[in-house]
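Following: one structure in structure tokens, then a few remarks.
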Amino acid sequence: MILRKSHCYNIARNAGFDKTSWKRICQIAEIPFDSRQKVHDHISSPTAPDKRNAGRVISFTKGAIDMLAGKSSNILTSDGLRPIDAEEIYRHNERMAADGLRVIALL
């Protein structure tokens, strides 16, 4: 399934994140790509926090499906949040990779 940007915004809003206050974020820290762990992390906060986001930070982790699928309990799909089925994720990953596509997970 293809997840559109608007789905991410809606789910984030429903979870208490205000899109407008997070439009401009400040990177606090970065953990560079590690070839053994196959992930790259960014830790950020809003540049102008409001009362809802005061003191909040968010971590963006991107990397290989095989490294992140097992660390996740849910997956965000175009149908919403649902429990992760790692085997299904691996099947989709293999199919897309066979088509020459690079697959990256965002956690």
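Every read-out reported here was derived from the displayed coordinates using simple, explicitly stated rules and does not represent laboratory data. Note that the coordinates shown come from a computational prediction; the quantities given were computed from them, not determined experimentally. Heads up, the Cβs are rebuilt from the backbone with ideal geometry, glycines too, and the neighbour counts pull from every protein chain shown.
The table below lists the values:
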read-out: Ranking of Ser44, Ser35, Ser72, Ser78 by count of other Cβ atoms within 10 Å, fewest first; value: Ser35, Ser78, Ser72, Ser44
read-out: Calculated from backbone phi, Karplus (6.51, -1.76, 1.60) coupling profile of region 91-107 in Hz, x at Gly/Pro; value: 5, 4, 4, 4, 4, 5, 5, 5, 8, x, 8, 8, 10, 10, 9, 10, 10
read-out: Contour minus Cα-Cα distance for Leu106 and Arg82 (0.36 nm per residue); value: 7.1 nm
read-out: Whole-Hz couplings from phi, Karplus 6.51/-1.76/1.60, listed for region 64-74; x for Gly and Pro; value: 5, 3, 5, 8, 9, 4, x, 9, 10, 9, 9
read-out: Spherically averaged projected area in nm², based on the convex hull that wraps the Cα atoms of region 54-107; value: 4.7 nm²
read-out: Residue order, fewest to most beta carbons within 10 Å, for Arg56, Arg102; value: Arg102, Arg56
